[in-house]
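Undergrad: Sending over a structure as structure tokens; questions will come in a sec.
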Amino acid sequence: MAEAKKQYITPETKAKLEQELQELIDHRPVVAAEINERREEGDLKENAGYDAAREMQDQEEARIKQISEILANSTTERSGIEEGVAHIGSVVHVYYNGDENDKETFLIGTRAAASDNKDLETYSEESPLGAAILGAREGDTCEYTAPSGKTLTVTIVSAAPYDSAKAATPRAAK
């Protein structure tokens, strides 16, 4: 069976997910103790405290599974990401429909890749925009159909591997 392609996540996101995962794992004994304490209160059919503790356990276990899957299916490796080419893991600066004042900067990757930089949007490589510009070079203009059905053009101003220190600062256009 072919190995699934790993999705890019930023190093900051990976660290945040690993920390959350560890906190959830460390919290397991607390939840188990709460369940046992509530179980000792008597009839489980009418024990709201027991039900709430079990629900908390279910939610935390589901989140542990979700984070584990994200981490197992992602990478922070950026080999093959070329300066000046829009790749997964690139921060891309663009303008729309020939209007150099209609600019946007974003990271190409999954929502799980999103950085802590609130000014940096993340677009999936499978989104109409992400798919249209994947592999495009600085200066290229690409066309795509927005979810609204409208056809748009986007011109790549710059594309660079993600770097948390420079992610939202556009380079001068060449």
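Undergrad: What's the FRET efficiency of K103 with E82 using the Cβ-Cβ distance as r and R₀ = 25 Å, to the nearest 0.05?
TA: Taking R0 as 25 Å, the efficiency between K103 and E82 is 0.70.
Undergrad: So if R0 is 45 Å, what FRET efficiency would A33 and A131 give, r being the distance between their Cβ atoms, rounded to the nearest 0.05?
TA: 0.40
Undergrad: While we're looking at this one, here's another question. For each pair in K16/K118; K16/K103; K118/K150; K6/K150; K45/K65, compute the distance between the two Cα atoms and list the pairs where it is over 20 Å.
TA: Exceeds cut-off: K16/K103; K118/K150; K6/K150; K45/K65.
Undergrad: By how many nm would the segment from S68 to K16 grow when fully extended, if each residue of separation counts as 0.36 nm and the alpha-carbon distance is taken off?
TA: Once the chain is fully extended between S68 and K16, it gains 17.5 nm.
Undergrad: In whole Hz, with x marking every Gly and Pro, tabulate ³J(HN,Hα) for the range 56-69 from phi via Karplus 6.51 cos²θ - 1.76 cosθ + 1.60, θ = phi - 60°.
TA: 4, 4, 4, 5, 5, 5, 5, 5, 4, 5, 4, 5, 4, 5
Undergrad: I would also like to ask the following. Once you keep just the Cα pairs under 8 angstrom separated by 6 or more residues, what percentage relative contact order results for the range 7-75?
TA: Computed value for the range 7-75: 50 percent relative contact order.
Undergrad: Right, here's the next one. Round to the nearest 0.05 the FRET efficiency obtained for Y96 and K118 when R0 = 25 Å and r is the Cβ-Cβ distance.
TA: The computed FRET efficiency comes out at 0.70.
The numbers here are math on the coordinates, done by the rules we state, and not lab data. Remember, predicted model here, so these are calculated numbers, not experimental data. Virtual Cβ from ideal backbone geometry, glycine too; neighbours counted across all protein chains shown.
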